[in-house]
Amino acid sequence: MCAQSLFSVPPRWILLREDNLDAIIISETHWDRAWYHTFQEFRLKLVDLVDKLLNILDTDPNFEHFTFDGQTVVLEDYLAVRPYQENRLRSFIQNDRISIGPWYILPDEYLVSGEALIRNLLTGKRIANEYGTPMDVGYTPDPFGHVSQLPQILAGFGYDSAIFARGAGDEVDDLGSEFIWNAPEGTSVHTHWLPLSYGNIANLPEDIDDAVSMITEVIHELKDWSNIDTVLLMNGSDHLEPQAHLPEIVARYNENHEGKVKIGTLPEFMALVKKHADEFQSVSEEFRQSKYQNLLSGVYSTRIYLKQENERLQRKMERLVEPMASLAYLLGKEYPAEKIRLAWKYLLKCHPHDDICGCSIDEVHEDMMQRFRWTDEIADSLIADSWERIKERHADSSHSLVLFNPVPYARREVVTCSIPLSNLRFAELGDIQLYDPALQPESPLEAAKNEVHIAFVRQQGFDMNPTSTREISLNGDTVTEFEFDFSNLIAFFPGMEHIVEEIPTIYRIRVNSENEIVEVWGRKPHATTAMDGGIQLFDETGNSIPHQSLGTHLEPNTDSTLVQDEHEVIRIASLIDTEGLSTCTLKLGLEEEHASYKIEGEVQAGENWLENNIVRIVVAETGTISLLDKRTKEVYDGLLEFEDSEDIGDEYDYCPAPNHKSIRSSNTLQSVEVIHEGPILGQLRMTGEFSLPSSADPKRRGRVESTVVCPYTIELTMKADSPRIETRILFENNAEDHRLRILFPTGTEAETCHADSAFDVIKRPIHHQAHEDWYQPMPPTYPLRSFVSMNSGKRGLTVATKGLLEFEILKGQGGTVALTLLRCVGWLSRIGMKTRSDTAGPVMRTPGAQCPGLHEFEFALVPHEGDWLEANVQTEVENYLLPLLAEYGTPIDTSKNEERTSLVKVHPEPVKISAIKKAEDSDGLIVRVWNCGSEKHSSTLEFGFPIIEATTVNLAEEMNGGRIEVENGTVVHFDIPAKRIRTFLVRFDDGSL
C-alpha cells in the first residue's frame, strides 16, 4: 500500500551532486496477499507476475535480479498453482537472480506478539533455505510503524541491516536516510529509511528517455537525504509486474550521466551503507511517527474482533500448545512439530498489515476468521493430546483433577473448572430421547427399552435385561426404575474405547404408570452409585481443599458421538498454590455434607458491592464503579463509563465530524445482581441500555437525530486474595459510524504512562506535540500489547486487556485511560478527512467494518502503589491472561503416578518466558526469555527434568555461545541485561525421564 511522501529538503548540508551519485535499482513488487481483492483473486495476478518474471529472466541476462518483497509465502502461493515450475524458480533463486525472504509474510509489528515476529522470520528462513538462502536484509517496507525491538529481533537471525519506509519523524532530518538503529538493550542494525517510500521509481514510462528523466528527478530528490554516494531506487510497488525494458533504461541512463545506475540487490546496497557506518548517527527508539508518510494508526482498533481472536490464539500457541507439548515430549510423547508449524502458518497468514489491521474488503477478513478457526481447531486437538499424556503421568485409582500452571512462577490463584457429574455419581440427563417416538409401549420395560441409549445397545445386537428393577416414589407418584449396566460391553466395540469412555454406561430409566419415561440418569463405570452430592477436593496428603460451587447446568456432551447427549455439569472454583510452569494433582470425591472453610482473603458480596482483603468495589447508581485499594487507602471513582463519539473516517483512521459530540453512559444502568457471593469467587452482573445515534448524517457533519438501543451486560469478578477486578462486557452494537470506548479515571495527574510493546514496555507522553506541517497529524491514541499503566506516588492503576490494543489518555480526572472497544466505519478508505489528507487505499464500501451485532470485551483493573515495575504489575497481568487450567482425571489401575511435574521455573519475575518448544533441528527444547525490567538480572532456569547440557543460541536457533554451566543437573544460571532477549537450547537425559 504505497503512500506518497512529503518531499522536502532536510536541514543538513551534504556536498553531493546527483551527476556523481550512483544508484542501485531494485526491481521488485510489493505483494499484499489480500486487500481490495481477495487472496484468490490476487493469487491469480501473482501467477501472471511470476510467469512473466521467469520468462524475462530466461530471455534477458541483463535483467540481473528481482526482489520478492521480503516474503517467502509467495513461493507457496505460486507453486500451489504452478507446481511444475518449482525447479525453474529454484534455479533462479540459487543463482541469485531472485531474492526471497527473510520473512514468511510482511507483518504489522504492533498488532502481533514479539514471539509471532520471531516465528515469522523462523518460518521464512526455513522455507528460503529449501530453495536457496534468505535475503539477509530486514526489509519491512510498508508496516504502519516499527517496534523498538526490531533491531534485536533481526540481529537474532543474523540480519544486521533494516530497510523501511513508514514511521519517521523529526529525527530523520538529522539522521538522513542511513543511520544506526539501536534496540533498547543496545543491539544495532545498519538502517536505510526510504524517504520516497518503497516505489520511488515505480511505473517507469515505456518511453526510454522519459524513464531516464524520471530516474534523474528521483535521484535529485534523494541526494539531500543520502549519507553515502549511492541512492536506492525502487522499481516496483503494490502488485506491479517487473518492467522488461528496465535494462534498456539503465543502459541509456549510463550513457548520459557520470554517476552510474545498475540493477542490483538490497544486500548489495546495504553492503555499501555498512562501509560508511562509522560516519552515521545512531538512534534508539520506535518509529511510529508521520512526518513524511501516513502512519494509519487507526487500524489498532479497526475490526476489533480480529485483534481479539489473534491475541487469544497467539497466547494459546505460545503459552499452552507448545509448553504442554514440550512437557508431554519429556514424558515420552512424540513432539507434533509439523502440526504445530501448520497451525502457526495459518495464524501467520493473518498477520500481513492489510489483514490484521482490518483495512481490507469484508471477504478478506471472513477468510481470516476461517484461518483463525483452523488454527484454533489444531491447537485444541494438540492440547487434548498433551493432556492425555500428562494425565497418564498423574493418574491413579482415584478420581482426580490435574492442574497446569502456564506461567513459570509459583502463584496462589483461583482455578475454575467444569466437571461432568456422571464421572462421580449418577447424574440426570437432559432431554428424554426416544428411539421410536411413535411407539405405544405396553409395559414399563418396553418403554424403558425405547430410551435412545438402551435402544442403541439393542441395535448392536445386545438386548439385555435390567440388572435391577424397583418401585420408587417420585414427586408423590410411584414409578418403576430400571437399571441397565452396559460396562462389560465396551470390549465388543474395538477402536471405539475413547468414545465409549466419554458417555455413561450405567443407566437408570424411570417410567410412570402411563408407561412414559419421566427421568433418565446415567453414570460412568468408575462413578459411585450415589444420586446426589457435590464435589470435594483433597491434596496429596488427604487434606480438604477449600472450593466453591458455581452451580450446575446442562450442556451438550460434545465427546458423545454415538448418541447425542446433554449431561449435568458442575462448575467449581478453588484457591490453589502451584509451582511455576508445572502440573499437579488434586484428589476428587463427592461431598457428603456441605463444608465450611476459612479462606484467606475471602470474597464477600452485597447488593452492589464486592470485597476481599485487598480491594473493594461498589457500583454507583450512575453505572460506574468505585474501587478502593485497601493497602494504600486510595479510591478510584467513576470507572467503567462508556464514551461514544461519531467516526466519519475509514478503516485506516478515526475522524471526528465538524459537529463533534461525545456521549457518556451515565444513568443507563438498569440492574445490578449478585451472581456469586464468594468466598472464593464473587461476581456482580450489571445490565443496561445505551441509546446511540444510528449513524452519521449523509453529509458527514455530525450524527443523525434517530437513535438505536445498544443493550449491554457487565460482569465484574473478584477472586480471593487478588487485587484484580476482572471485567467482561457483552455489548450489542446496533449503531454505525461511531467509536465506543470505556473510561478509567486514574486521578494520578501523571504526565506519562507505560504500555507494553513487542519485548518492551514503553514510557509514553500523555499528549503528542502538535506538528502542523507533518504529512499526517499524529493521533492522540497509542498501541498496547496487553496493558497500560499510570501512577504517581501511592496511586497507580493498570488496565490489562485481552485483544483491546488501542488507548488514549484524556486530560480529565487526573488522567483518564480511554480504552477503545469498537471503531465502526463503512469504508475501506475515504477522502476529505481531517485526520488524513489523502486516501490510504481504494474508496470502497466495507459494511462489515461497522461491526454490527454482539461483541465480548475482556479486561482487568489492577490498582497498585508505585510504577508498573515496582508493583510487579507485569506478573499480575500474566496471571490474568494465563489462568490455571484443570482437567478431570479418570481412575486407572496403576501404582505409578506423580503428584507434581515441573517443566521449568524462572527467577526473578521481571524475566519473562516468550517460548518453550522443541528445537527446529535437534532433540532439545528451546527456552526463550526476555528481561522486561530496567536493570540487569542474574537469573535462573530450574528444570524438573535432568539436563545433559544447555547452550546459548540465537533466534534462528543457531549456536552463538558456549555451553552454560548446569548446577545439580537441573539449574541453569545466566545474566540478562534489561530488555535483552535470550534463547537457550536445553538437552535432557532421556534415561532419567
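On the given criteria, is Arg425 of a type in the set (D, E, K, R), in contact with a Gly (Cβ under 9 Å, 6 or more places away or on another chain) and not assigned by the TED database to the domain that holds His547?
no
Could you list, in sequence order, the residues of the range 30-81 that are of a type in the set (Ser, Thr, Tyr), buried (at least 20 other Cβ atoms within 10 Å of the Cβ) and under 14 Å from Lys349 (Cα atoms)?
Thr72
Can you tell me how many residues in the range 899-934 are surrounded by fewer than 17 Cβ atoms within 10 Å (Cβ to Cβ), closer than 30 Å to Glu540 by Cα and acidic (Asp, Glu)?
Total meeting the criteria: 1.
Could you tell me which numbered condition Met959 fails, if it satisfies all but one of (1) of a type in the set (A, V, I, L, M); (2) open to solvent by less than 50 Å² (accessible area, probe 1.4 Å); (3) modelled with pLDDT under 95?
The number of the failed condition is (2).
Based on what the data block shows, is Phe945 outside the structural domain of Lys316 (by the TED database), of a type in the set (Phe, Trp, Tyr) and more than 26 Å from the chain's Cα centre (by Cα)?
So Phe945 fits the description; yes.
List the helices (runs of 4 or more DSSP H) that sit entirely inside the range 303-408 and contain at least 3 residues that are without any contact (Cβ under 8 Å) to a residue 60 or more places away in the chain.
337-348, 362-394
Just checking: which of the strands (runs of 3 or more DSSP E) contained wholly in the range 646-749 hold 3 or more residues that are not small (Gly, Ala, Ser)?
Result: 669-677, 681-693, 707-719, 725-733, 738-745.
Could you please let me know if Pro723 is open to solvent by less than 30 Å² (accessible area, probe 1.4 Å), within 28 Å of the chain's Cα centre (by Cα) and not basic (Lys, Arg)?
Spelling it out, Pro723 is indeed open to solvent by less than 30 Å² (accessible area, probe 1.4 Å), within 28 Å of the chain's Cα centre (by Cα) and not basic (Lys, Arg).
What single numbered condition from (1) among the hydrophobic types (A, V, I, L, M, F, W, C); (2) under 25 Å from Lys918 (Cβ atoms); (3) modelled with pLDDT of 95 or more fails to hold for Leu445?
Against the list (1) among the hydrophobic types (A, V, I, L, M, F, W, C); (2) under 25 Å from Lys918 (Cβ atoms); (3) modelled with pLDDT of 95 or more, Leu445 comes up short only on (2).
Do we find a residue being in contact (Cβ under 8 Å) with a residue 40 or more places away in the chain and within 19 Å of Leu122 (Cα to Cα) anywhere in the range 944-955?
yes
Condition test on Val563, is it under 30 Å from Tyr435 (Cα atoms), open to solvent by less than 20 Å² (accessible area, probe 1.4 Å) and touching a Leu at 6+ places or on another chain (Cβ under 8 Å)?
Against the criterion (under 30 Å from Tyr435 (Cα atoms), open to solvent by less than 20 Å² (accessible area, probe 1.4 Å) and touching a Leu at 6+ places or on another chain (Cβ under 8 Å)), Val563 does not qualify.
From the set of residues in the range 244-264 that are touching a helix residue (DSSP H, G or I) at 6+ places or on another chain (Cβ under 8 Å) and part of a loop (DSSP other than H, G, I, E, B), which is farthest from Leu106 (Cα to Cα)?
His257
Residue by residue through the range 975-984, note down the ones that are in a strand (DSSP E or B) and either free of Cβ contacts under 8 Å to residues at least 12 places away in the same chain or open to solvent by 30 Å² or more (accessible area, probe 1.4 Å) (or both).
Across the range 975-984, the qualifying residues are Asp975, Arg982.
In the range 265-286, is there at least one residue being open to solvent by less than 10 Å² (accessible area, probe 1.4 Å) and either outside any helix (DSSP H, G or I) or touching a helix residue (DSSP H, G or I) at 6+ places or on another chain (Cβ under 8 Å) (or both)?
Checked the range 265-286: no residue is open to solvent by less than 10 Å² (accessible area, probe 1.4 Å) and either outside any helix (DSSP H, G or I) or touching a helix residue (DSSP H, G or I) at 6+ places or on another chain (Cβ under 8 Å) (or both).
Is the range 773-789 home to any residue that is more than 28 Å from the chain's Cα centre (by Cα), closer than 27 Å to Glu185 by Cβ, touching a residue at least 60 places away in the same chain (Cβ under 8 Å) and part of a loop (DSSP other than H, G, I, E, B)?
No, because not a single residue in the range 773-789 is more than 28 Å from the chain's Cα centre (by Cα), closer than 27 Å to Glu185 by Cβ, touching a residue at least 60 places away in the same chain (Cβ under 8 Å) and part of a loop (DSSP other than H, G, I, E, B).
The values are calculated or read from the model by the stated rules, or taken from the named source; none is laboratory data. Bear in mind the structure is a predicted one, so any value in this text is a computation, not a measurement. Neighbour counts run over all protein chains shown; Cβ positions are idealised from the backbone, glycine included. Just so you know, the surface numbers come from the protein's heavy atoms only, side chains and all, with ligands and any DNA or RNA stripped out. Shrake-Rupley method; radii C 1.70, N 1.55, O 1.52, S 1.80 Å.
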